[in-house]
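Here the structure comes first, spelled out in C-alpha cells, and everything after it is commentary.
The values are calculated or read from the model by the stated rules, or taken from the named source; none is laboratory data. Keep in mind that this is a model prediction, so the values were computed, not measured. Cβ: placed from backbone, ideal geometry, glycine included. Neighbour counts: every protein chain shown.
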Amino acid sequence: ETLESASGDGKSLYGGTVPLETTKSGASYQLKDATRGGTYTGDAANKTDKCLLTICLTRAPATVFTDADNHWATGETADRATVAVDAQYGTDVTWDYFKNAHGRNGIAGDGKGSYNRVHYGKDYNNAFWDDNCFCMTYGDGDGKQLGPLVSLDVAGHEMSHGVTSKTAALTYSGESGGLNEATSDIFGTLVEFYADNAEDPGDWLIGENVVRSGLGREALRRMDKPSTDGKSADCWSKELGDLDVHYSSGVGNHFAYLLAEGSGAKTINGVAHTSPTCDDSTVQGIGRAKLGKIWYRALTVYMTSSTDYAGARTATLNAAKDLYGSGSTEQKAVAAAWSAVGVG
Ligand code: ASN
Ligand code: ZN
Ligand code: CA
C-alpha cells in the first residue's frame, strides 16, 4: 500500500488542539511525520526496558499509534492516544525550534527523526532521552507528585540532551554535568516559548504543567531563582561540582535567565519572575533569541566534554564576539550575567 503525508490534528493533554503531520497508510493514519525525519510516537504498553548500562535484554515496545480519521485523541488521559499527541507535538516543536532558530536539521543534525514511547512503566515519574535507541521515553507519572511528563519544556529538555551528546558531549557529572543539564533547561524553555501555545505559554519554570499537589511546589525547577526548589544553586562556589547535575545546573540556568530577561522582577505570560543577582549587580537582558544564539554557538563550537563554568564563560564570550562583535552590548551582557552568578 502507498504511504503519504497527511495533515491532521489532535487533542493534547497540556496544549489544547494541535496540528499533526501524519502518514496515511491504507484506510488509517499513523502518528508518524515524514516532514520531520519520520519521527513517530508509539505505545510502550506500560512495560519497561531491562538493561545493564547500554546493553538491553528487552526493550519496552513503541507500537505506533493509529487513528481512523486523523483527528486524534480526546484530550483526556483515559484515551491512551492523548499523551501521544503531546509527545508528537513536543517533538515537532523541538524539531522546528532547532531548525528555524539554529539551522539544525534534527537532533543529530542529519535530518533523521527520533521516536517517542509514551505510557512507559507504571506510575513512572520521569522522562528520558536515550542515545542508543535515538528515542524519547515518557512516564505517566504517579498522579500524586507528577502527571504525564509530556509537557513542552520537558520534551525540549530531554531531546536537547540528544543535541548536547552530538555536539559538546558534556560529561554528565561535576560542573560539565551541570552545564549539560542547564543546556537542556535552557533549550527546553526556549522550545516552550517558541511554541507560543496559548494553553502552555512560555515561562522560566520547568515542568509547571506536570507537577501535582503532592510534590509541594509549583514546578520541578525555576531558572530565575533556582534555589526555590531547596536544592539548586543560584551562585557558583568551589563545591558546586559536588552537587547532583540537576542542582549544579542552577548556576547556568540563573545566568541564562539574567542574560535574556535581566535582573529584577518581571511578569512573563502572567507568571511572576524575580532574579536576585549574587553580587547585587544589575543585569540588562538582551532577549531570549540572543541567549539561544549565543548558547547554541557556545555549545556547538566552543564547549567540549570537560568544559566547566569558567570554560562556559569563555565559550559564551567567544560566541557573542563571533555573533555580535568584540565589545558589543551582547558580549558585555554575557560577562555581566556570568559575574552576577559568581563566575569570573
Ligand atoms: N529526566 C532526567 C533528565 O533529563 C532523566 C535523565 O536522563 N537523567 O535529567
Ligand atoms: Zn536532563
Ligand atoms: Ca515551563
Query raised in the report: In the stretch 6-60, which residues are touching a helix residue (DSSP H, G or I) at 6+ places or on another chain (Cβ under 7 Å), part of a loop (DSSP other than H, G, I, E, B) and small (Gly, Ala, Ser)?
Result: SER12, GLY15
Report task. Being of a type in the set (Lys, Arg) and within 10 Å of ligand 1 (Cβ to nearest atom) is the filter here, so list the residues in the stretch 110-158 that pass it. Result -> none
Query - Out of GLY141, GLY202, sole residue that is touching a Pro at 6+ places or on another chain (Cβ under 8 Å) and either over 21 Å from GLN88 (Cα atoms) or of a type outside the set (A, V, I, L, M, F, W, C) (or both) - result: GLY141
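Do you know which of the residues in the stretch 157-167 that are away from ligand 3 (no atom under 16 Å from the Cβ) and small (Gly, Ala, Ser) is surrounded by the fewest Cβ atoms within 10 Å (Cβ to Cβ)?
Applying the first criterion (away from ligand 3 (no atom under 16 Å from the Cβ)) to the stretch 157-167 yields 161-167.
With small (Gly, Ala, Ser) added as a condition, the list becomes 162, 165.
Values: GLY162: 21, SER165: 16.
Among those that are away from ligand 3 (no atom under 16 Å from the Cβ) and small (Gly, Ala, Ser), it is SER165.
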Report summary line: For the stretch 109-133, the count of residues that are within 18 Å of TYR97 (Cβ to Cβ) and away from ligand 3 (no atom under 16 Å from the Cβ) equals 8
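So how many residues does the stretch 249-277 have that are surrounded by fewer than 18 Cβ atoms within 10 Å (Cβ to Cβ) and either touching a residue at least 60 places away in the same chain (Cβ under 8 Å) or in contact with a Cys (Cβ under 7 Å, 6 or more places away or on another chain) (or both)? First the steps, then the outcome.
Start the filter on the stretch 249-277 by keeping residues that are surrounded by fewer than 18 Cβ atoms within 10 Å (Cβ to Cβ), which leaves 264-272, 274, 276.
Within this subset, residues satisfying the condition of being either touching a residue at least 60 places away in the same chain (Cβ under 8 Å) or in contact with a Cys (Cβ under 7 Å, 6 or more places away or on another chain) (or both) are 268-271.
Selection size over the stretch 249-277: 4.
Does the stretch 231-251 contain any residue that is within 16 Å of ligand 3 (Cβ to nearest atom), closer than 26 Å to GLU199 by Cβ and at pLDDT 95 or above? First the steps, then the outcome.
Pass one, the stretch 231-251, residues within 16 Å of ligand 3 (Cβ to nearest atom): 232, 246, 249-250.
Now drop any that are not closer than 26 Å to GLU199 by Cβ, which leaves none.
No, there is no match, as no residue in the stretch 231-251 is within 16 Å of ligand 3 (Cβ to nearest atom), closer than 26 Å to GLU199 by Cβ and at pLDDT 95 or above.
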Requested in this report: Working only within the stretch 210-229, note down all residues that are outside any strand (DSSP E or B) and more than 15 Å from ligand 1 (Cβ to nearest atom).
Outcome: ARG212, SER213, GLY214, GLY216, ARG217, GLU218, ASP224, LYS225, SER227, THR228
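Mind checking which residues of the stretch 164-176 are part of a helix (DSSP H, G or I), more than 22 Å from LEU259 (Cα to Cα) and either free of Cβ contacts under 8 Å to residues at least 40 places away in the same chain or within 13 Å of ligand 1 (Cβ to nearest atom) (or both)? Reasoning before the result, please.
Start the filter on the stretch 164-176 by keeping residues that are part of a helix (DSSP H, G or I), which leaves 164-166, 174-176.
Next, only the ones that are more than 22 Å from LEU259 (Cα to Cα) stay: 165-166, 174.
Residue satisfying the conditions is SER165 alone.
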Query raised in the report: Do any residues in the stretch 138-153 that are in contact (Cβ under 8 Å) with a residue 24 or more places away in the chain have Cβ atoms under 6 Å from those of residues that are small (Gly, Ala, Ser) and within 15 Å of ligand 2 (Cβ to nearest atom), where the two are at least six apart or on different chains, and which pairs are they?
Result: TYR138/ALA127; LEU149/ALA127; LEU149/GLY139; LEU152/GLY90; ASP153/GLY188
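Considering the stretch 190-199 alone, what residues qualify as being touching a residue at least 60 places away in the same chain (Cβ under 8 Å) and either within 11 Å of the chain's Cα centre (by Cα) or buried (at least 22 other Cβ atoms within 10 Å of the Cβ) (or both)?
Filtering the stretch 190-199 for residues touching a residue at least 60 places away in the same chain (Cβ under 8 Å) gives 190-191, 193-195, 197-199.
The answer is LEU190, VAL191, PHE193, TYR194, ALA195.
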Query raised in the report: If we keep just the residues of the stretch 210-237 that are hydroxyl-bearing (Ser, Thr, Tyr) and away from ligand 2 (no atom under 16 Å from the Cβ), which is surrounded by the most Cβ atoms within 10 Å (Cβ to Cβ)?
Result: THR228
Requested in this report: List every residue pair whose Cβ atoms sit under 7 Å apart, with the two residues 6 or more apart in sequence or on different chains, where the first one lies in the stretch 124-137 and is closer than 17 Å to TYR172 by Cα and the second, anywhere, is more than 15 Å from ligand 2 (Cβ to nearest atom) and of a type outside the set (A, V, I, L, M, F, W, C).
Outcome: ASN132/THR54
Query raised in the report: Which one of these is within 23 Å of HIS119 (Cβ to Cβ), touching a Leu at 6+ places or on another chain (Cβ under 7 Å) and buried (at least 22 other Cβ atoms within 10 Å of the Cβ): VAL150, VAL154?
Result: VAL150
Requested in this report: Residue by residue through the stretch 278-306, note down the ones that are acidic (Asp, Glu) and in contact (Cβ under 8 Å) with a residue 60 or more places away in the chain.
Outcome: ASP279
Requested in this report: Inspect all residues belonging to the stretch 188-205 and state whether any of them is within 24 Å of GLY241 (Cα to Cα) and within 13 Å of ligand 1 (Cβ to nearest atom).
Outcome: yes
Query raised in the report: Of the residues that sit in the stretch 161-187 and are within 13 Å of ligand 2 (Cβ to nearest atom) and acidic (Asp, Glu), which one is nearest to ALA219 (Cα to Cα)?
Result: ASP185
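Report yes if LEU179 is more than 13 Å from ligand 3 (Cβ to nearest atom), crowded, with 22+ Cβ neighbours inside 10 Å and not in a helix (DSSP H, G or I), otherwise no.
On the way: more than 13 Å from ligand 3 (Cβ to nearest atom): yes; crowded, with 22+ Cβ neighbours inside 10 Å: yes; not in a helix (DSSP H, G or I): no.
Criteria not met by LEU179.
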